[in-house]
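The values are calculated or read from the model by the stated rules, or taken from the named source; none is laboratory data. As the structure is a computational prediction, the values presented were derived from the model and not from experiment. Cβ sites come from the backbone with ideal geometry, for glycine too, and all protein chains shown count toward neighbours. Remember, those area values only see protein heavy atoms, side chains included, never the ligands or the DNA or RNA. Shrake-Rupley method; radii C 1.70, N 1.55, O 1.52, S 1.80 Å.
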Amino acid sequence: MEGVNNLAYHFNESDEIVDSDIQKHNNNINKEGEVSRDNWGSGIEFLFSCVAMSVGLGNVWRFPFIALDNGGGAFLIPYIIVLVLVGRPGYYLEMIIGQFSSREIIKAFDCVPAMRGIGIGQVICVVFISTYYSSILAITLRYFFFSFNSVLPWSECDLAWAEPCYPSSGSSSNQTIQEGTKSSAELYFLNEVLHAKQNINDGIGLPILNLIGFLVLNWTIVFLILVKGIKSAGKVSYVTGIAPFIFLIIFLIRALTLPGSIDGIIYFFKPDWNNLLKPSVWYSAVTQLFFSLNVFFANIVMYASYNKFNHNIHRDANIVTTLDTLTSIVSGCISFGIIGHLKHELNADDITKVFKGGPGLVFVTYPETISKFQNVPQLFSVLFFIMLFILGIGSIVAMVTSVITVVRDQFPKVKYWQAALGYAIFGTLCGSLYLTPGGQSVLGLVDHYGATFIAFILALFEIISFCHIYGVKRICKHLEFMLGFQPSAYWKICWYAVTPLIMGAIVVYSLAFYEPPTDNGQDYPFTAHIIGWCITFFGLIWFPLIMFVEINKQTGQIIEKIKAAFRPKANWGPLKADNYEKYQEFIKNN
């Protein structure tokens, strides 16, 4: 541990305070236009906003099919382990950095200026994710509105589909379903909603007009939530942070009462111990953790930066990470209960054969099960899709707020509503690409090259920057100054060693056993991979580029220039002058 501290101080020298520090800080703040920033209306708004951000589509849409692909219960154990050793420490760390500095992710790296490119790359990741999340929400809104039909449109077969089909509304337990026959719910999703092509080799096609209308509606709602900045977003969090749990309890009760559901739930909790030895399962657990908690994606630092300086983030970090885990488990019980029910209905001998991965879970498996409800299936359909939309909107609001905060910190004269409107227009244009007949193929490509792959690398270097170069000792001092106590040994050990080692192992594994993404079981064309690697390059190039720029603009010999580029900037520290002065006094006395 002392070696890590020595590394931090090798670059940053010492925390000795000189009389001109406060004046330098204030001059730099005024020069950059960072005079003030809004705060959450109350601490509970911050907590609910974090819950709404972290408890989202990653829990209901992504977690179940990742769990199934990795052996059900065999995935649950690694997921909880990496949550404790990577997720919680990372979440708490980003909260501390954000609240202490009152800065978004890019300017938070003023503590290690040479590493600011990491923050830029993470913001680019957020942009990619927000655009395809918006397309999923557009499809969700379509299903929501069509749930009010007297007969759910995906419950019966349509002769126009000209494919072998069985109706999702009826029980299949007394009929033999030939191999290759699809449910009406699946064919409705593919033919009526997506107008899907087999794969990207068949082309992308033009945007589907009715889905574009729902995409515009989605971004209009996001704009209205953010039009007054963090104040209006905080008020909406009372709905986005609470309502989904009510819906989840309703669906859990319903899932437990379905015939055959217990078989699916047993599969979810029963581990295959052999799978625990597979590195791919642990890799998937960390991947899911990123998308579930939203950790290492710039959003947590941004939300915490709007906190009051002494807000109890220790309590909130524990609450949010615990709620996120419980939500994933409840969502898993619901999803696997439904899958067990479908296995019972279809007389299937293998639970994995009735599952539709990815969007299929949300837009095929759930609607198919709801269609079988004898009493008011429309009500359950409405409840499910409004729940899904609320879950997604909480996450996308956090992503958009992250980007807007970066824009306004760089260009203070831009008004919040102007930035929100501009991003809504941008999001609509980009999101329309995913709402073409080949849109799901594009989504898979962007998700792999523009989100997951970049996120792992940047997350590792974020941990190294904050904990090893800047130093865990300083971070502990920041927390002690804000809250009056030092973090426990658990947090320190994770920040020093455990979390960086696990993240490093994951990055090495992902590079050593790299497998290119596939499109509906087929290889993407060579051109698509070239585009994908260009996306990755655009996300990662800022890291070495900004490091070179920061080192080059320093004075002195090369060693001195490197050291200077890794020292905190003169304006680093609490943003408000009175907090900065008190912190300097705290450092002198401790």
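Summary table
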quantity	calculated
Residue, surrounded by the fewest Cβ atoms within 10 Å (Cβ to Cβ), within the range 367-419, restricted to residues that are among the aromatic types (F, W, Y) and not in a loop (DSSP other than H, G, I, E, B)	W417
Scan of the range 90-104 for residues that are of a type in the set (F, W, Y) and more than 18 Å from F461 (Cβ to Cβ), ordered by number	Y92, F100
Residue pairs meeting the criteria (Cβ under 7 Å; at least 6 apart or on separate chains; first more than 12 Å from F309 (Cβ to Cβ), in the range 577-590; second part of a loop (DSSP other than H, G, I, E, B) and of a type outside the set (D, E))	Q584/I17; I587/I17; K588/I17
Filter pass, P437 being open to solvent by less than 40 Å² (accessible area, probe 1.4 Å), within 19 Å of V281 (Cα to Cα) and touching a His at 6+ places or on another chain (Cβ under 8 Å)	no
Which numbered condition A8 misses (of (1) open to solvent by 10 Å² or more (accessible area, probe 1.4 Å); (2) at pLDDT below 75)	(1)
Per-region count, the range 187-230, residues basic (K, R) and within 25 Å of the chain's Cα centre (by Cα)	1
Residues of the range 259-294 that turn out to be in a loop (DSSP other than H, G, I, E, B), surrounded by fewer than 17 Cβ atoms within 10 Å (Cβ to Cβ) and touching a helix residue (DSSP H, G or I) at 6+ places or on another chain (Cβ under 6 Å), as a count	4
Some residue of the range 97-115 being acidic (D, E) and more than 20 Å from the chain's Cα centre (by Cα)	yes
Residue check for W542: among the aromatic types (F, W, Y), in contact (Cβ under 8 Å) with a residue 40 or more places away in the chain and under 30 Å from L445 (Cβ atoms)	yes
Residues of the range 153-167 that turn out to be in contact with a helix residue (DSSP H, G or I) (Cβ under 7 Å, 6 or more places away or on another chain), farther than 30 Å from V446 by Cβ and either open to solvent by less than 10 Å² (accessible area, probe 1.4 Å) or in a helix (DSSP H, G or I) (or both), as a count	1
Enumeration of residues in the range 220-241 that are of a type outside the set (F, W, Y) and open to solvent by 70 Å² or more (accessible area, probe 1.4 Å)	L224, K228, K231, K235, V239
Among (1) over 18 Å from the mean Cα position of the chain (by Cα); (2) surrounded by 24 or more Cβ atoms within 10 Å (Cβ to Cβ) - the single one V320 does not satisfy	(1)
Lone unmet requirement of (1) open to solvent by 20 Å² or more (accessible area, probe 1.4 Å); (2) in contact (Cβ under 8 Å) with a residue 24 or more places away in the chain for I253	(2)
Those helices (runs of 4 or more DSSP H) lying entirely in the range 478-554 with at least 3 residues touching a helix residue (DSSP H, G or I) at 6+ places or on another chain (Cβ under 6 Å) and over 23 Å from L83 (Cβ atoms)	526-540, 542-552
Residues (under 26 Å from A528 (Cβ atoms), modelled with pLDDT of 90 or more and part of a helix (DSSP H, G or I)) located in the range 420-441	F426, G427, T428, L429, C430, G431, S432, L433, Y434, L435
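Per-residue answers, yes or no, for (1) touching a residue at least 40 places away in the same chain (Cβ under 8 Å); (2) assigned to a helix (DSSP H, G or I):
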site: Y303; (1), (2): yes, yes
site: N307; (1), (2): yes, no
site: N310; (1), (2): yes, no
site: I319; (1), (2): yes, yes
site: T322; (1), (2): no, yes
site: S328; (1), (2): yes, yes
site: S335; (1), (2): yes, yes
site: H341; (1), (2): yes, yes
